[in-house]
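A short worksheet on the structure shown next.
FYI, it's all coordinate maths here, none of it is from the lab. Because the structure is predicted, anything quoted here is derived from the model rather than measured. Cβ placement follows ideal geometry from the backbone for every residue including glycine, while neighbour counts extend to all protein chains displayed.
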Amino acid sequence: MKITDIQAYPVWNGRRNFLFVTVDTDEGISGVGETGIGGRELAIMGAIEHFKPLLIGLDPMRTEHISQLLYRGGFFPAQRILGTAIAAIDIALWDIKGKALGVPVYELLGGLVRDKVPCYPHNAGGHGMEVAPLVESCLQTKEEGWKFVRWGLPNDGQTLEPRIAVRRALEQFRAVREAVGDDIEICFDVHTRLDLPDAVTLCREAEQFHPFFVEDPLRSENPDSFKTLRPRTTVPLAAGEHFSSKYEFRQLIEEEWIDYARIDLCIAGGFTEARKIAGWCETHYIKLATHNPLGPVSSTACLHLNLATPNFGVQEQPQRPGTQLTDIIPIQPVWEDGYLLPPTAPGLGIEFDREAARAQPMQRFERPYLKRLDGSFTNW
């Protein structure tokens, strides 16, 4: 079996783009993957075009060889833009491998180590300053059967002033915990918006509300800063969604500065690289909290990884499968009472309609931009 073609499908869903990638073979078996890093689709599609002549004619079953070739083959090690293109191709190759062998991808990763995968939603008002709408959303998802709630550090329109945001976040923590009770887990996303002093204040004060984790309390460029934060708080910490390889995770794992690794399967090299990161985390008792703010292909790929990974905590799942892009991906994972259930079909177990994808072409868009009260730029 040989690779014959690779195509990118940028899709607009009404508010953002999703970028899917298909890989075809001479035996009629095709696979589909998905990229991360929304808003930079043109750059990622350019990377895929660079990779295409390297891959046509290769055996798609050689996933490790292809991962090495794409990561190291340009002399300069691949990072985020190239990494997300590699990830989409790798996911598609594992989809092909599963279909060729007639088994779900999780069987190729070692088989089921759990019967279902817990996941958390994105609650309405997730980065807003209001308290009541957030509480209402958390109560609604609890009623629906979700075992987790999730929101993030609030901003006031286009302004984010850290100390004000921290005070409001703590008000939200108290209100949510009182509303949902002790049995619902809280995930809170700082979204890399704070520097060390404000991150310490937030994490320390949030300890009393027993969050499942506080995510990305610091910016990701210098992981070494976690060595200062870690001893100053007992709250569980999660990080890693910006990382594109095991090398970027190295220090956080080796120094045990995080409790949950936020592997983004669609940025960090797909299954091939993510399995290496997961195994490394296992030796340090760090669990996976897979980053998945993306589309149905990403959700399904994360599900397969998590079904076969012993050191797993929770999967990000912004909304229930089957609620978006159902014309393009009509078969999606099954959600039941806060859990995703194992697919049974070979490969990823989903279908991808190329004509439907072409009918919803991408639109140029930018992420929001935030500023502080003095007008300086700050992370969104």
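Brief remarks on what is shown
- Put a dot 7 Å past the Cα of residue 164, heading toward its Cβ, do the same for residue 232, and the two dots end up 2.3 nm apart.
- DSSP beta bridge pairing in the chain, given as percent antiparallel to the nearest 5: 50
- Full extension of the segment from residue 337 to residue 285, taken as 0.36 nm per residue of separation minus the current Cα-Cα distance, would add 16.0 nm.
- Helix 270-282 axis, angle to the chain major axis (alpha carbon atoms, nearest 10°): 50
- Residues residue 75 and residue 210, FRET efficiency given R0 of 45 Å [Cβ-Cβ distance, rounded to 0.05]: 0.40
- With respect to the chain, whose longest principal axis is taken over its alpha-carbon atoms, helix 63-72 is tilted by about 70°.
- Rounded, prolate or oblate (a/c below 1.5 giving rounded, otherwise prolate when a/b exceeds b/c) for region 3-102 by Cα gyration tensor: oblate
- Going from the fewest other Cβ atoms within 10 Å to the most, the residues 75, 312, 209 appear in the order 75, 209, 312.
- Helices in the chain, meaning DSSP H runs of at least 4 residues, each add -39500 (n - 2.57). Divided by all residues, the mean residue ellipticity at 222 nm is -11000 deg cm²/dmol.
- Note on residue 365 and residue 136: the model spin-label points, each 7 Å out from Cα along the C-beta direction, lie 2.4 nm apart.
- Axis angle, to the nearest 10 degrees, between helix 162-180 and the longest C-alpha principal axis of the chain: 80 degrees.
- Cα shape, region 55-150, gyration tensor, a/c 1.5 rule: oblate
- In terms of the mean number of neighbouring beta-carbon atoms within 10 Å, the peptides 144-151, 293-300 order highest first as 293-300, 144-151.
- Once the chain from residue 1 to residue 115 is taken as fully extended at 0.36 nm per residue, the excess over their C-alpha distance is 37.8 nm.
- Evaluated over the chain, the count of Lys pairs having alpha-carbon atoms less than 20 Å apart is 14 (only pairs 8 or more residues apart or interchain).
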